[in-house]
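Q: Handing you a structure now.
The values are calculated or read from the model by the stated rules, or taken from the named source; none is laboratory data. Since the structure is predicted, the reported quantities are computational estimates derived from the model, not experimental observations. For neighbour counting, all protein chains shown are included, and Cβ atoms are generated from backbone atoms with ideal geometry for every residue, glycine included.
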């Protein structure tokens with residue numbers, strides 16, 4: 001393997017907002033020349049594919065302003081701090097967004113959604129043994145909860161109807177794991 | 001389905017760099033109240049999972065500065081303009097990054113990697129009938145080309161070794177499609 005490593009020289013703060021925190025770093029490339037990398041800093045996130053005892057999955061339909069349309073996704077959200085255990089974040093988002101709690105969580109691995117632009121890592125869990133309760137959405141958060149079988153969701157991933165990255169991965173991985181049980 | 005739509009009131013330019021183009025919009029939420037959305041604008045991208053006649057896949061190992069580590073990914077890159085046909089972008093990135101050209105492309109659907117933060121859509125293709133040539137990397141681009149079977153890559157997705165979102169999805173979808181042929 002060749003040397004591919006890029007080293008930081010300095011960092012400039014560009015913009016710290018509510019959602020994006022942009023920095024611009026001067027770096028040294030593998031060939032010794034200088035370049036610049038702009039990235040947005042992120043606490044990381046947790047996502048959960050909640051599977052009811054009858055096999056249906058709890059999904060969310062919400063408007064994604066950056067895309068100007070409603071999207072079907074699994075429950076997910078930012079970690080409160082970079083140090084929050086991702087499973088705690090997954091439990092919180094599941095409870096707040098759908099009102100559900102789960103007896104069992106299976107780790108489905110992590111996802112890097114935008115490797116060139118954001119340092120976000122999403123930790124994905126499959127939740128089972130679910131009891132339903134009341135949701136408590138954050139202020140400014142609007143979503144519809146819907147239920148689909150895993151087979152229906154698999155069809156929607158393969159047909160291109162579901163486009164969200166974490167949702168595609170969680171559905172495809174959960175299906176593989178449950179098939180081999 | 002409830003009304004989930006958010007409407008733009010105004011847009012403020014925050015930062016236009018090489019990789020990130022941040023805007024801050026004032027919006028009206030579904031309940032009529034006002035809020036703010038920060039997003040980064042993006043041309044969109046194309047990615048391709050190139051499968052050789054012997055079943056091996058052409059992969060890239062490259063350093064991802066935002067994550068401080070080397071990652072294994074499929075060939076991919078930004079579209080030159082928002083109007084560039086994604087298949088043209090896929091062919092270009094495959095040729096530039098790996099030197100390969102392909103006889104047949106199968107569309108694997110689109111991916112929204114970061115629905116809350118970036119308006120990027122990645123269009124994913126499976127390429128077959130591949131002939132190898134010489135790569136021509138962009139200035140400042142460094143990567144190693146490596147070859148793996150689809151079974152090896154599937155194992156690396158399920159074990160959590162491959163984390164990049166587009167790469168996980170392309171591997172899982174290509175495997176489903178080839179299994180059912």
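Q: Residue B:162: assigned to a loop (DSSP other than H, G, I, E, B), under 18 Å from residue B:124 (Cβ atoms) and in the same structural domain as residue B:70 (by TED's automatic domain parsing), yes or no?
A: Values: assigned to a loop (DSSP other than H, G, I, E, B): yes; under 18 Å from residue B:124 (Cβ atoms): yes; in the same structural domain as residue B:70 (by TED's automatic domain parsing): yes.
Yes: the conditions hold for residue B:162.
Q: May I pose another question? Just one of (1) farther than 30 Å from residue B:26 by Cα; (2) out of contact with any helix residue (DSSP H, G or I) (no Cβ under 6 Å at 6 or more places or on another chain) trips up residue A:67, so point out which.
A: Among (1) farther than 30 Å from residue B:26 by Cα; (2) out of contact with any helix residue (DSSP H, G or I) (no Cβ under 6 Å at 6 or more places or on another chain), residue A:67 violates only (1).
Q: So which of A:153, A:178 is in contact with a helix residue (DSSP H, G or I) (Cβ under 8 Å, 6 or more places away or on another chain) and surrounded by fewer than 24 Cβ atoms within 10 Å (Cβ to Cβ)?
A: Details: A:153 fails: surrounded by fewer than 24 Cβ atoms within 10 Å (Cβ to Cβ).
Of A:153, A:178, the one residue that is in contact with a helix residue (DSSP H, G or I) (Cβ under 8 Å, 6 or more places away or on another chain) and surrounded by fewer than 24 Cβ atoms within 10 Å (Cβ to Cβ) is A:178.
Q: Right, another one. What do you reckon, is residue A:170 farther than 22 Å from residue B:174 by Cβ, touching a strand residue (DSSP E or B) at 6+ places or on another chain (Cβ under 9 Å) and at pLDDT 95 or above? Can you show your working first?
A: Working: farther than 22 Å from residue B:174 by Cβ: no; touching a strand residue (DSSP E or B) at 6+ places or on another chain (Cβ under 9 Å): yes; at pLDDT 95 or above: yes.
No, not satisfied.
Q: For segment A:108-124, indicate whether the set of residues that are under 24 Å from residue A:21 (Cβ atoms), assigned to a helix (DSSP H, G or I) and touching a strand residue (DSSP E or B) at 6+ places or on another chain (Cβ under 7 Å) is non-empty. If you could, list the steps in order and put the result at the bottom.
A: As a first pass, look at segment A:108-124 and keep what is under 24 Å from residue A:21 (Cβ atoms): A:110-124.
Keeping just the survivors that are assigned to a helix (DSSP H, G or I) gives none.
Checked segment A:108-124: no residue is under 24 Å from residue A:21 (Cβ atoms), assigned to a helix (DSSP H, G or I) and touching a strand residue (DSSP E or B) at 6+ places or on another chain (Cβ under 7 Å).
Q: Right, another one. Restricting attention to segment A:30-49, and to residues there that are farther than 19 Å from residue B:22 by Cβ and out of contact with any helix residue (DSSP H, G or I) (no Cβ under 6 Å at 6 or more places or on another chain), which single residue is surrounded by the fewest Cβ atoms within 10 Å (Cβ to Cβ)? Steps first, answer last, please.
A: Just the residues of segment A:30-49 that are farther than 19 Å from residue B:22 by Cβ, to begin with: A:30-35, A:44-49.
Retained after the next criterion (residues that are out of contact with any helix residue (DSSP H, G or I) (no Cβ under 6 Å at 6 or more places or on another chain)): A:30-35, A:44-45.
Working: A:30: 15, A:31: 9, A:32: 6, A:33: 10, A:34: 10, A:35: 16, A:44: 18, A:45: 24.
Checked segment A:30-49; the qualifying residue surrounded by the fewest Cβ atoms within 10 Å (Cβ to Cβ) is A:32.
Q: Does residue B:52 meet the test of being at pLDDT below 95 and over 30 Å from residue A:19 (Cα atoms)? Before the answer, list the steps.
A: Details: at pLDDT below 95: no; over 30 Å from residue A:19 (Cα atoms): yes.
Against the criterion (at pLDDT below 95 and over 30 Å from residue A:19 (Cα atoms)), residue B:52 does not qualify.
Q: Could I ask something else about it? Of the numbered conditions (1) surrounded by fewer than 23 Cβ atoms within 10 Å (Cβ to Cβ); (2) touching a strand residue (DSSP E or B) at 6+ places or on another chain (Cβ under 7 Å), residue B:76 fails exactly one; give the number of that condition.
A: (1)
Q: Which pairs do you get when a residue that is facing chain A (nearest Cβ under 8 Å), found in segment B:146-164, comes within reach of a residue that is surrounded by fewer than 18 Cβ atoms within 10 Å (Cβ to Cβ) and not in a strand (DSSP E or B), reach meaning Cβ atoms under 7 angstrom, with the pair 6+ apart or on two chains?
A: Qualifying pairs under 7 Å: B:158/A:176.
Q: Which numbered condition trips up residue B:105, out of (1) touching a strand residue (DSSP E or B) at 6+ places or on another chain (Cβ under 6 Å); (2) touching a residue at least 60 places away in the same chain (Cβ under 8 Å); (3) under 22 Å from residue A:156 (Cα atoms)?
A: (2)
Q: Looking only at segment B:1-29, filter to residues that are over 27 Å from the mean Cα position of the chain (by Cα) and surrounded by 15 or more Cβ atoms within 10 Å (Cβ to Cβ); which one of those is nearest to the other protein chains (Cβ to nearest Cβ)?
A: B:4
Q: Shifting gears a bit: Is there a residue being modelled with pLDDT of 95 or more, at the interface with another protein chain (Cβ under 10 Å from one of its Cβ atoms) and out of contact with any strand residue (DSSP E or B) (no Cβ under 7 Å at 6 or more places or on another chain) anywhere in segment B:33-40?
A: Scanning segment B:33-40 turns up at least one residue that is modelled with pLDDT of 95 or more, at the interface with another protein chain (Cβ under 10 Å from one of its Cβ atoms) and out of contact with any strand residue (DSSP E or B) (no Cβ under 7 Å at 6 or more places or on another chain).
Q: A further question on this structure: Of these, A:69, A:64, which one is within 13 Å of chain B (Cβ to nearest Cβ) and surrounded by fewer than 16 Cβ atoms within 10 Å (Cβ to Cβ)? Write out each step before concluding.
A: Numbers: A:64 fails: surrounded by fewer than 16 Cβ atoms within 10 Å (Cβ to Cβ).
Selected residue: A:69, the only one of A:69, A:64 that is within 13 Å of chain B (Cβ to nearest Cβ) and surrounded by fewer than 16 Cβ atoms within 10 Å (Cβ to Cβ).
Q: Please go through segment B:127-142 and give me each residue that is touching a helix residue (DSSP H, G or I) at 6+ places or on another chain (Cβ under 9 Å) and at pLDDT below 95, ordered by number. Spell out how you get there, then give the answer.
A: Let us first name the residues in segment B:127-142 that are touching a helix residue (DSSP H, G or I) at 6+ places or on another chain (Cβ under 9 Å), namely B:127, B:130, B:132-133, B:135-138, B:141.
B:132, B:133, B:135, B:136, B:137, B:138, B:141 - these are the residues of segment B:127-142 that are touching a helix residue (DSSP H, G or I) at 6+ places or on another chain (Cβ under 9 Å) and at pLDDT below 95.
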